[in-house]
Amino acid sequence: MKNVPLRRTPLEMNAEEFRRVGYSLVDRIAEYLTWINDRSNPITRAESPDQVRHLLSIEGLPATGMPAEKLISKATQLLFDHSLFNGHPKFWGYITSSPAPIGILGDFLASAVNPNVGAFALSPMATEIERQTVRWIADMIGYPTTCGGILVSGGNMANFVCFLAARKAKIPWDVRKEGIAKSKRLRVYCSSETHTWIQKATDIYGLGHDSIAWIQTDDRQRMVAQDLRLKISEDLKNGCVPLLVVGAAGTVGTGAIDPLEEIASICKEFGIWFHVDGAYGGFAAVLPEASSDLKALRLADSVAVDPHKWLYAPLEAGCALVRNREALVDAFSYHPVYYHFDDHADEELTNFHELGPQNSRGFRALKIWLALQQAGKDGYIEMIREDCRLAAELFSALVRYPDLEPLTCGLSIATFRYVPAELRAKGKKAEEYLNKLNTEILSRLQSSGKAYPSNALVKEKYALRVCIVNFRTTADDLMQLPQLVVKIGGETDAELRSREYKPSSD
Ligand SMILES: *Cc1c(COP(=O)(O)O)cnc(C)c1O
């Protein structure tokens, strides 16, 4: 290399320094991966916000710089000593997966190249990798691979993108120009088990959440198609404009799958956009044994899935798929004068800024693209199947514990609660107490660092909820949970009962 004078800046790192700091960081991450596989290590230290805040310097932004080596070492220590580890084999909370190690490396590489995946010209290889990733995702869940699709930050954003495609396609005037002030009668339909993204979407995009028609669910938390039909018919009689129906491919609470096939035919009959929220369960459609209802997501006008859930990609990664690619372009495309991105007019060219709300876009696809190939479709079938099998195994093991009441089991989610024998079927006061008791049991479980379930509300019952999107969990890990709940449940009940439960007032 010629001896050119280099600009000296505080952010530059020469190759030697980068290598030294980088290698030692990789060593620390490798140690961490060994560490979490030791089951006896805690999932969390359950420190309070104050405790965590005090670990950071109270001083303001430093005026002068510091060496990278020292900073990376300090950040590594802070994070490895004071985080909650969803990569731990006993983490089963919410729907946050253990991140695939190849995804960790993928994000590292992606940020090194730093392509702006808003336009092909700025990210030639990254754009094509994202296109291929989207096609593979569609293929995996049995959705037409000719669909349009884009990676976004997560399930909420993926659902928003599909929502906006539906809004553009189904509102009978130019909504992108005129907005929605024209009509107060736009309607969207979803079950009462739907994730809060639908409130956010109707709120953010101007419909307001009064536009939501909440459809009843049956005793398995599935949408009642008959009620959907009824509400649509009433709305039509009253001059409303039905925009879309949201069907769940795995509800966030209990993993319920709506009768997607029936919903599809109702949507077809009335000309309504059929959207499937598969943020949690969509990828389970890859299983050959998936139910026909789950597989019916192939009939939807749009589907949201979440690679940072069941593809085990590190946060963040969601994916919106829209059957008719043009509907996606129609909803988002602009051609500003300051973009000169259409050099290959004779070839099919993807500028992702035209397919979604973002302008500059990071390279989210790489971590997914790598993991999909590392495991292959068969590898994913095996992992997703095992996650579901483990939840079912836990659920059937619960009958052996007289103080545990099994509640639901769907996909890889099992819910149950702690009920001391003498409080079973005792009426309203007892039920209120049981909800308090199980709330407290969950807090104690989570802060124990020994297991990390979360909660669900199942027909007014506060339930402990185990959701396995974790390729490290074994049957052994899981089978220790009932015993732990019985122990913590007994202790908590002994402390709370006399204070919180007055049977005489029942
Ligand atoms: C997780 C989830 C969402 C939201 O996804 P994020 O990635 O958290 O934004 C939406 N719907 C369902 C059914 C989910 O499980």
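The values are calculated or read from the model by the stated rules, or taken from the named source; none is laboratory data. Note that the structure is a prediction, hence the values are computed from the model and not measured. As a convention, Cβ positions derive from the backbone with ideal geometry for all residues, glycine included, and neighbour counts pool all protein chains shown. These area figures cover heavy atoms from the full protein model, side chains too; ligands, DNA and RNA do not enter into them. Shrake-Rupley method; radii C 1.70, N 1.55, O 1.52, S 1.80 Å.
Residues of segment 456-497 that are over 23 Å from Pro314 (Cα atoms) and either touching a His at 6+ places or on another chain (Cβ under 8 Å) or assigned to a strand (DSSP E or B) (or both): Ala456, Leu457, Val458, Lys461, Tyr462, Ala463, Leu464.
In segment 36-48, the residues that are closer than 23 Å to Pro101 by Cα and part of a loop (DSSP other than H, G, I, E, B) form Cβ pairs under 8 Å with partners that are at pLDDT 95 or above and aromatic (Phe, Trp, Tyr), at six or more places apart or across chains, as follows: Asn41/Trp35; Ile43/Phe85; Ile43/Phe91; Ile43/Tyr452; Thr44/Phe85; Thr44/Tyr452.
Between a first residue in segment 306-320 that is touching a residue at least 24 places away in the same chain (Cβ under 8 Å) and open to solvent by 10 Å² or more (accessible area, probe 1.4 Å) and a second residue that is more than 9 Å from the ligand (Cβ to nearest atom) and of a type in the set (Ser, Thr, Tyr), which pairs have beta carbons less than 8 Å apart while being 6 or more apart in sequence or on different chains? Taking only residues 6 or more apart or on different chains, the pairs are His308/Ser97; Lys309/Ser97.
Number of residues in segment 257-267 that are among the hydrophobic types (A, V, I, L, M, F, W, C) and open to solvent by less than 10 Å² (accessible area, probe 1.4 Å): the value is 4. Among all residues of segment 345-363, there is at least one that is surrounded by 14 or more Cβ atoms within 10 Å (Cβ to Cβ) and touching a Pro at 6+ places or on another chain (Cβ under 8 Å). Please indicate, with yes or no, whether at least one residue in segment 403-415 is farther than 30 Å from Leu105 by Cβ, open to solvent by 20 Å² or more (accessible area, probe 1.4 Å) and assigned to a helix (DSSP H, G or I). The answer is no, given that none of the residues of segment 403-415 is farther than 30 Å from Leu105 by Cβ, open to solvent by 20 Å² or more (accessible area, probe 1.4 Å) and assigned to a helix (DSSP H, G or I). Looking only at segment 268-282, decide whether some residue is surrounded by fewer than 24 Cβ atoms within 10 Å (Cβ to Cβ), within 16 Å of the ligand (Cβ to nearest atom) and part of a loop (DSSP other than H, G, I, E, B). Within segment 268-282, none of the residues are surrounded by fewer than 24 Cβ atoms within 10 Å (Cβ to Cβ), within 16 Å of the ligand (Cβ to nearest atom) and part of a loop (DSSP other than H, G, I, E, B). Of all residue pairs spaced 6 or more apart or on separate chains, those with beta-carbon atoms under 8 Å, a first member in segment 49-68 that is more than 15 Å from Asp81 (Cβ to Cβ) and a second member that is of a type in the set (A, V, I, L, M) are Ala68/Met13; Ala68/Val21. Screening segment 84-112 for residues that are open to solvent by less than 10 Å² (accessible area, probe 1.4 Å) and among the polar types (S, T, N, Q) and picking the one that is farthest from the ligand (Cβ to nearest atom) gives Ser98. In segment 368-400, which residues are small (Gly, Ala, Ser), closer than 25 Å to Ala414 by Cα and surrounded by fewer than 21 Cβ atoms within 10 Å (Cβ to Cβ)? Passing the criteria: Gly379, Ala392, Ser396, Ala397.
Cβ-Cβ distances below 8 Å connect the following pairs, each with a first residue in segment 91-119 that is more than 25 Å from Gly376 (Cα to Cα), a second residue that is of a type in the set (Lys, Arg) and assigned to a loop (DSSP other than H, G, I, E, B), and a separation of six or more residues or different chains: Asn116/Arg361; Gly118/Arg361. Exactly one residue out of Ala201, Ala248 is crowded, with 20+ Cβ neighbours inside 10 Å, within 12 Å of the ligand (Cβ to nearest atom) and assigned to a strand (DSSP E or B): that is Ala248.
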